[in-house]
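Heads up, the thing below is written out as structure tokens.
The values are calculated or read from the model by the stated rules, or taken from the named source; none is laboratory data. This is a predicted model, so every value here is computed, not measured. Note that each Cβ is placed from the backbone with ideal geometry, even for glycine, and that neighbours are counted across all protein chains shown.
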Amino acid sequence: MNLTNIHAGVRADIAHDWIAQARALTPLLDAAAPRIEAAQALPADVLEALHEAKMFRMLLPHTYGGAELDLATFFQVICAIAEGDASTAWCMTQSSGCSLSAAYLAPRAAQAVFADRASVMAWGYSAGPQCRAIPVEGGWRVNGTWNFGSGNRHSTWLGGHCQQSDLAGAPLKDVNGQVLERTMLFPRSAAKVQDDSWNVIGLRGTGSDSYSVSDLFVPAEHALVARAIGRDQHQAADARLEVETERREQGTLYLFSPTNVYQSGFAAVAIGTARATLSAFIALARSKTTSGTNLTLRNDSWTQSRIALSEARLGSVQAWILQILRAMWQDCAASGRISFEDRIKLRLAATYAIQEAREVVETSYADAGATAIFQGNPFERRLRDIHAVSQQVQSSAAHFQSVGQHFLGLKPGLRFI
């Protein structure tokens, strides 16, 4: 056996263990889902189980006690977690993308942020150009508001993506005229959290509050380059490879970005939610009788066909994303960069998967009939959750336009590729 095969074998064992751990947590999360939704946060017993299984440390570097998993394994873990509860899986995906920032921190700063067993980071979207960082002695003076801070209620640190500004507050730009950005990390206790801002129909348990800081001092060692945020890969197909002088971790995982984590992870949330809904409908169909007949759903040809088509939808999108992620990992390890073609493929597959998963949930909900409308059943909450997932930017139909532009030889929009 050569070294490549040995490495592949070890990797397979690691993947199996992590996926098995996630599946072992599914019953706990399924049972806790009503409490998670009601509290709009993960309860203490759920958090303890997740920390015990190191579920918030999947993409953290080995250097700081993380698993440094490949994204194909991470994707399968999130699929399994989402079968238990979509909000939990969403929070894990969000914090995992944030934890890539450890690769850009000096060791002392990374230890301060991530050393504790229960350390979790969250960050949201900038609420506008008012999110600015002005240089001061030893660091930055930061002002800003950020929305959609998923998982912030159990987080220890928050991040704020900021425009770098001069002393007068005017944005600074690079030689190409692009505004310079950095991500500021600060303890959650330093922010004002608007905990009454998350009034939504689905993914309630994520507690995706807005938060803000005013004239907050952030030490220089807690400020990251733009590579560690969601805007990092706005590079065209012919762009020259940029030297990442501030990236300290050299593992293959850290050639990827939070954008790649969110693409694959939020697609996994949708797939896992749809898988749980379809499984619940199959269980219902074994015993439920169609109104006005003696025919069970199980023996109805229409139901049989719809279940088969739903299985085809879920199986195909999950297999497609896994194939892409494995190929990306192999290519990236060999070349030291993610190709534009791989970025296009993942963008397309992730968006398509979320929309197909929504179709599966809607089909199962409709076919379950009046049973599905009552709270406490396996359908009603998941219908709301999948619609919250599919309203998020990762599912936007505009991504199909960008991918189509590329296939037609045009210049695609690069914001989420």
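Residues that are assigned to a helix (DSSP H, G or I) and over 17 Å from residue 318 (Cα atoms) within the range 330-342 comprise 330, 331, 332, 333, 334, 335, 340, 341, listed in sequence order. Within the range 310-327, restricting attention to residues that are touching a Ser or Thr at 6+ places or on another chain (Cβ under 8 Å) and hydrophobic (A, V, I, L, M, F, W, C), the residue that is nearest to residue 252 (Cα to Cα) is 325. Residues in the range 291-343 that are surrounded by 15 or more Cβ atoms within 10 Å (Cβ to Cβ), over 30 Å from residue 416 (Cβ atoms) and in contact (Cβ under 8 Å) with a residue 60 or more places away in the chain: 297, 303, 306. Quick check on my filter: what residues within the range 398-413 are under 21 Å from residue 266 (Cβ atoms) and more than 18 Å from the chain's Cα centre (by Cα)? The answer is 398, 400, 401, 402, 403, 412, 413.
Among the residues of the range 70-83, is there at least one that is within 22 Å of residue 332 (Cα to Cα), of a type outside the set (Val, Ile, Thr), in a loop (DSSP other than H, G, I, E, B) and not assigned by TED's automatic domain parsing to the domain that holds residue 216? Yes, the range 70-83 contains a residue that is within 22 Å of residue 332 (Cα to Cα), of a type outside the set (Val, Ile, Thr), in a loop (DSSP other than H, G, I, E, B) and not assigned by TED's automatic domain parsing to the domain that holds residue 216. Is at least one residue of the range 278-290 modelled with pLDDT under 95 and loosely packed, with under 12 Cβ neighbours inside 10 Å? The answer is yes, given that some residue of the range 278-290 is modelled with pLDDT under 95 and loosely packed, with under 12 Cβ neighbours inside 10 Å. Quick one: would you say residue 64 is hydroxyl-bearing (Ser, Thr, Tyr) and touching a strand residue (DSSP E or B) at 6+ places or on another chain (Cβ under 8 Å)? For residue 64, the condition - hydroxyl-bearing (Ser, Thr, Tyr) and touching a strand residue (DSSP E or B) at 6+ places or on another chain (Cβ under 8 Å) - is not met. Every condition in (1) farther than 30 Å from residue 32 by Cβ; (2) modelled with pLDDT under 95; (3) in the same structural domain as residue 207 (by TED's automatic domain parsing) is met by residue 104 except one, and the failing one is (3).
Each row is one residue, and each column tells you yes or no for (1) buried (at least 20 other Cβ atoms within 10 Å of the Cβ); (2) at pLDDT below 95; (3) in a helix (DSSP H, G or I).
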position	(1), (2), (3)
346	yes, no, yes
349	yes, no, yes
354	yes, no, yes
363	no, no, yes
375	no, yes, no
402	yes, yes, yes
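Quick check on residue 384: is it modelled with pLDDT of 95 or more, basic (Lys, Arg), touching a Gly at 6+ places or on another chain (Cβ under 8 Å) and surrounded by fewer than 22 Cβ atoms within 10 Å (Cβ to Cβ)? When the stated conditions are applied, residue 384 passes them. When residues in the range 89-107 are screened for being touching a residue at least 60 places away in the same chain (Cβ under 8 Å), more than 11 Å from the chain's Cα centre (by Cα) and within 18 Å of residue 18 (Cβ to Cβ), 1 of them pass.
Among the residues here, residue 87 does not qualify as hydroxyl-bearing (Ser, Thr, Tyr) and under 16 Å from residue 264 (Cβ atoms).
Determine whether the range 196-205 contains at least one residue that is in the same structural domain as residue 137 (by TED's automatic domain parsing), within 16 Å of residue 140 (Cβ to Cβ) and in contact with a His (Cβ under 9 Å, 6 or more places away or on another chain). So far as the range 196-205 goes, no, none of its residues is in the same structural domain as residue 137 (by TED's automatic domain parsing), within 16 Å of residue 140 (Cβ to Cβ) and in contact with a His (Cβ under 9 Å, 6 or more places away or on another chain).
Checking the stated criteria, residue 167 turns out to be hydrophobic (A, V, I, L, M, F, W, C), part of a loop (DSSP other than H, G, I, E, B) and touching a residue at least 12 places away in the same chain (Cβ under 8 Å). Within the range 257-266, the residues that satisfy the criterion of being closer than 18 Å to residue 322 by Cβ and crowded, with 24+ Cβ neighbours inside 10 Å are 260, 261, 263, 264, 265, 266. Of everything listed in (1) out of contact with any Phe, Trp or Tyr (no Cβ under 7 Å at 6 or more places or on another chain); (2) under 26 Å from residue 150 (Cα atoms); (3) among the small types (Gly, Ala, Ser), the single unmet condition for residue 327 is (2). Restricting attention to the range 47-71, the residues being touching a residue at least 40 places away in the same chain (Cβ under 8 Å) and either over 18 Å from residue 88 (Cβ atoms) or surrounded by 20 or more Cβ atoms within 10 Å (Cβ to Cβ) (or both) number 17.
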